[in-house]
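Below is one structure, written out as structure tokens; the observations come after it.
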Amino acid sequence: MKFQGKTLTLDFIKTGIAEISFDRQQESINKFDALTLTELRQAVDELSRDKNAKGLMLTSGKSVFVVGADITEFGQWFAKSRQQLVSDLLRIHETFSAIEDLPLPTVAVINGFALGGGFEVCLACDYRVMSTKARVGLPEVKLGLFPGWGGTIRLPRLIGADNALEWIGLGKDRRPEQALNEGAVDAIVKPEELKKSALSLLEACIDGKFDYNSRRNDKKSPLRLTDIERTMVFATAKSIIKTKAGPHYPAPMTALRCMEKHARLDRDSAAKVEAEAFAELAKNEVAHNLVRLFLNDQALSRIAKAYAKEALPVRQAAVLGAGIMGGGIAYQTALKGIPIVMKDIAAHAVETGLSEARNLLLKRIDRRQMTVDQMSGVLTRINPTLTYGDIEGADIVVEAVVENEDIKKGVLSELEDALSENAIIASNTSTISISNLAGSLAHQERFCGMHFFNPVHVMPLVEVIRGKKSSKQTIATTVTFAKAIGKNPIVVNDCPGFLVNRVLFPYLNALTALIRDGADFQKVDQIMEGFGWPMGPAYLLDVIGMDTARHAGDVLAAGYPDRMQNDYTTAIEALFDADRLGQKSGSGFYRYEKDKSGKPIKKRDESVYELIQSPGESDAFSEQEIIDRMMLPLCLETARCLEEGIVESAMAADMGLIWGIGFPPFRGGALQYIDAVGIEKFCKSADNYSALGKAYQATEQFRAQAANGQGFFEEFG
């Protein structure tokens, strides 16, 4: 063995043929952390001194190649000064360039995922042979960054600037055929033939059949474009990337400007440009927030896996109540391979549920994500029925009937009698107390909440609500079931509205109060969309529906009368009384027309102002006043949920809002937003609006945190 490290080894597998194998000890994947980078340089230096070496293969001893950088170390990177960060990046460039400068041909053997830095090291090799089961890509923009280890330099020189801009600007990985067609890899072969093919390629290079030095020189030289070609490529890409990235995510445009700047430079000069641009992004708050979200997601996944140890197996599921929601739940469950019974008391409701599942599957076929045979397989896992007898074998049943406490209690009591004694019942209620609903059941320990968000197939969050008597096993099984059907579960304790709706309605109440005070709802929508929300609050209410919003608002007002009870007729009530329910009725705050595909298109409707009694004075409030009045009650209510133990951590609270209501990810979540503003400054801002009511007033615990300068998260640096 020429070199034996903790993350990789260097040895000769044949006379003259060396292999650096990434094989991280005691872990299932390979990643580039500080130790791996150090050992890689040591191995390359060792190989460069060996006069008997004639060729090198980079391989992996895991089922993946290298999944990218170790994101848990990003906090250390962010804490460095910009100058130190540039210096450290250039050292990594030197390591990858040392591979590229070896006096022998090199081949990367890509057996599985090669992402981010894992693919950048492949780009440093002369050739890339890829398994038919592998994926390659540069997803760094999803973390608010871009490839900083030579990816912006080598990829455009390999596959062309236009293709490279798409790879890097969108961050999507590539299947083998696409990677081959675009020139990012040189061959795709079956997994069992991978090393043999790579070895044959190396031997052909050694025999002089392939000019690897010519390929190498192309990557080390300036981009081969004329001035006119270069101008056209980057100008075209700017308009596309700017539109897709939007104003809040700077990484794609920064990557483009970086690539445009170093297009005329050789590899080593370009490395300095790339390192400077990467360091600029690394000191940006957006990257910090997106990296934190990634780490939060990983942490919550680990928590869900821990629940699985106490969970009962779910081999058969059921949903009680068909329609759009029941059909969505049935579709999602069957899609992930779990058989599900869909029961309702009305045949037309069952047909509506089946139709919803069919339509969603047909869309997957249209997008070439599924074949007709696969669609048939999913549909066979959905068993529609009108009788309780068909659900007696279910391990878990999701109750999804109308949002009415008395009706739900009656249905739950009937349902319990039809099930085995070990079956779990989970209510899909969005606001009604789980502990109150449990009162109708003999075995309250086997009951909890399982709140799906609409549309089920799109929204990633499921709130698992722990009632006063819900057992650990019930919660564990429900969490594990949610994860098994592709959802992100967050466990919350019972209270009116749980986490997401409890936090959302102070935000919606803030809109109606602004309208009452003379604000133009269209201006509010425009400002909050500019803040980063996927849709403004008035538009969101149209999507939710005034009937749904009014009912949920009544439940929350009863639960929190001190801060969610309104003493005036709200715009929601006025629109409800006028039968303007939103998209479902064709009009709400806005008017809706359908396009050719049946999708509702929002239109202005000036007549609505007569109903909601708003003068529509666009200058009544400044942009900052509107942001403050909208965001303060949402963030303060989130902090209350954490204080009261409704949600277990700041991390879970923020992820719940991002997954559940589309809180702007680049801002990191409500509690991270408070930290970004500064908790003391946020508290003072709340005091400025305290006359608006308790929803704008910080709790004593919040004030104590502010006084101590104690935020909700540790600083990255």
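Any read-out appearing in this document is the output of simple, stated calculations on the displayed coordinates, not a laboratory observation. All figures in this text were calculated on a predicted structure; none of them were measured in a lab. Cβ sites come from the backbone with ideal geometry, for glycine too, and all protein chains shown count toward neighbours.
Output the Kirkwood hydrodynamic radius of segment 559-717, Cα pairs only, in Å rounded to one decimal.
For segment 559-717, the Kirkwood estimate is 18.2 Å.
Within 12 Å, Cβ to Cβ, of residue 10, how many net charges do the neighbouring residues add up to if Lys/Arg are +1 and Asp/Glu are -1?
Computed value for this residue: -4.
Shape of segment 246-291 from its Cα gyration tensor (a ≥ b ≥ c, root eigenvalues): rounded if a/c is under 1.5, otherwise prolate when a/b > b/c, or oblate?
oblate
Taking the Cα centre of each part, how many Å lie between segment 494-536 and segment 454-493?
Centre-to-centre distance over Cα atoms comes out at 26 Å.
Out of residues 5 or more away from residue 55 or on other chains, whose amide H comes under 5 Å of its own, with H placed 1.01 Å from N in the peptide plane?
Amide H neighbours of residue 55: 18.
Can you list the lysines whose alpha carbon is less than 20 Å from that of residue 599, not counting same-chain residues fewer than 8 positions off?
363, 584
Mind checking the angle between helix 34-48 and the chain's longest principal axis? C-alpha axes, 0 to 90 degrees, to the nearest 10.
For helix 34-48, the angle is close to 20 degrees.
What's the percent breakdown of Cα-Cα distances in segment 187-344 across 10 Å bins, shortest bin first?
Histogramming segment 187-344 at 10 Å steps yields 8, 16, 18, 23, 20, 13, 3, 0 percent.
Starting from the Cα of residue 283, step 7 Å along the direction of its Cβ; do the same at residue 82; then give the gap between the two resulting points in nm.
With each label placed 7 Å out from Cα toward Cβ, I get 0.3 nm.
To test your reading of the geometry: what angle, between 0 and 90 degrees and rounded to tens, separates the Cα axis of helix 521-531 from the longest principal axis of the chain?
30
Can you give the FRET efficiency for residue 46 and residue 715, using 1/(1 + (r/R0)^6), R0 = 45 Å, r = Cβ-Cβ distance, to the nearest 0.05?
The computed FRET efficiency comes out at 0.70.
Go ahead and estimate [θ] at 222 nm for the chain from helices alone: -39,500 (n - 2.57) per DSSP H run with n ≥ 4, summed, over the residue count, rounded to 500.
-15500 deg cm²/dmol
Going by how many other beta carbons lie within 10 Å of each one, how would you line up 149, 533, fewest first?
533, 149
Give me the distance between the Cα centres of segment 194-263 and segment 639-686, rounded to whole Å.
40
Please give the helix 323-335 orientation as an angle from the longest Cα principal axis of the chain, in degrees from 0 to 90, rounded to the nearest 10.
30
Give the lysines whose C-alpha is closer than 21 Å to that of residue 272, dropping any in the same chain fewer than 8 places away, or say none.
Answer for residue 272, where 21 Å is the Cα cut-off: 80, 219, 220, 261, 283, listed by chain and number.
Kindly put 458, 67 in sequence by how many other C-beta atoms sit within 10 Å of each C-beta, fewest to most.
By the 10 Å Cβ count, ascending: 458, 67.
Please arrange 1, 459, 631, 528 by counting, for each residue, the other beta carbons lying within 10 Å of its beta carbon, fewest first.
Placing the least packed residue first, the sequence is 1, 459, 631, 528.
Under 13 Å between alpha carbons, and skipping anything fewer than 8 positions from residue 172 in its own chain: which aspartates and glutamates qualify?
140
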